[in-house]
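Accompanying notes for the structure given below.
Derivation of every value follows stated rules applied to the coordinates shown; laboratory data play no part. For clarity, every value in this text was computed on a predicted model and none was experimentally measured. All Cβ positions, even for glycine, are placed from backbone atoms using ideal geometry, and neighbour counts span all protein chains on display.
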Amino acid sequence: MPVKKKRIFLIIKIAIIAYCLIGIALFYLQDKLLLHPQPLPADYIFKFDYSFKELNIPISKEDTVNLIRFIPADDTVAKGAVIYFHGNAGNVESFAASVKIFLDNNYEVWMPDYPGFGKSRGVISEKKLNEEAYQVKRLANRYFPDSDIIIYGRSLGTGIAAYLASTVKTKALVLEAPYYSIPDLFSSYVPLYPMSAMANYKFTTGEYLKDVACPVTIFHGTDDDVIPERCAEKLKISLKPEDKFILIKDGRHNDLSTHELYKKTMNALLQ
């Protein structure tokens, strides 16, 4: 075999091996790339700037959902509840600052931690996240009717929120920095791999939205460097004519709630 052909063959061989090794690494490390929990000991004492109640919801012998129920000031009777599914890192403490706009509008905020996050216990999976979200909604219905409950998802939590809203009745669904699906999001980073087959988590938000009967409001930033704008834009085909897709100019992944357009839209929705 000529030297030139040998070199080409060697380069192809190295490329194939590298492709396979990277693919194997992505497959086995994907959960660590997607999820960044910050666990807390069971006796940890939360301190927030808002009134709250801490609930531990037993799901099974192995699984317990720790939930913070933020309460409007002055013990006023809340006009509703926002069930808030947070992002992929930290725990409820990392997202507590986001509840102010809801409390100011006299809504409670029910924010559960995922298995392995904060004081929630159990092994995390997509099926378990969906099941536990449903249990939180059932508990909220002891205090509020469907017409007074808003389901809210942020980043990772948008897939959970969209799934829940597709299976239950609720006042509204709000998605902050969503994605079309987890495989689609992964593909935006590693387009050469079949992520639809490789991804452990699917969260097909675009498909869930087709079954959501309540009004939907979506916020996304033009400068989101975590979930690219194009991943959210794909959701438009799943929306109803009356639903809202709000693109915030210069909005980044973690600052949408600081923009006036977000505040104006949410204040109107929470009336």
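Some values worked out for this structure:
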{"read-out": "Compactness of the stretch 104-144 as Cα Rg over 2.2 N^0.38 Å, two decimals", "value": "1.33"}
{"read-out": "D (Stokes-Einstein, µm²/s), Kirkwood Cα radius, the stretch 86-160, 1.306 mPa s at 10 °C", "value": "120"}
{"read-out": "Folded to 0 to 90 degrees: helix 260-269 orientation relative to the chain principal axis, Cα", "value": "50"}
{"read-out": "Among Ile11, Leu40, Pro115 the positive-end extreme of the charge dipole of the chain (Cβ point charges)", "value": "Ile11"}
{"read-out": "Computed label-point distance, nm, for sites Tyr28 and Lys100 using a 7 Å Cα→Cβ extension", "value": "4.5"}
{"read-out": "Contour minus Cα-Cα distance for Arg138 and Asn56 (0.36 nm per residue)", "value": "28.1 nm"}
{"read-out": "Fraction of alpha-carbon pairs over 23 Å apart in the chain - percent", "value": "55"}
{"read-out": "Rg(Cα) / (2.2 N^0.38 Å) computed for the stretch 168-271, rounded to two decimals", "value": "1.11"}
{"read-out": "Stokes-Einstein D in µm²/s, Kirkwood radius over Cα pairs - the stretch 1-146 at 10 °C with 1.306 mPa s viscosity", "value": "88"}
{"read-out": "Size of electric dipole in the chain: Cβ of Lys, Arg +1 and of Asp, Glu -1, about Cα centre, debye, nearest 20", "value": "1200"}
{"read-out": "Computed over the stretch 28-70, Cα set: Rg, Dmax in Å", "value": "13.8, 41"}
{"read-out": "The stretch 155-234 versus the stretch 1-40: alpha-carbon centroid distance in Å", "value": "27"}
{"read-out": "Under 27 Å from Lys79, Cα to Cα: lysines that are on another chain or at least 8 residues apart", "value": "Lys47, Lys53, Lys100, Lys137, Lys169, Lys171, Lys240, Lys244, Lys263, Lys264"}
{"read-out": "Projected label distance in nm at Asn88 and Asp225, using a 7 Å step from Cα toward the beta-carbon", "value": "1.6"}
{"read-out": "Förster-model FRET efficiency, 51 Å R0, Lys47 and Ile17, C-beta, rounded to 0.05", "value": "0.45"}
{"read-out": "Order by protection proxy (mean Cβ within 10 Å, highest first), peptides 209-219, 15-25", "value": "209-219, 15-25"}
{"read-out": "Within the chain, percent of DSSP bridges classed antiparallel, to nearest 5", "value": "35"}
{"read-out": "Simple label model, 7 Å out from Cα along Cβ direction - Leu10 to Val77, nm", "value": "8.1"}
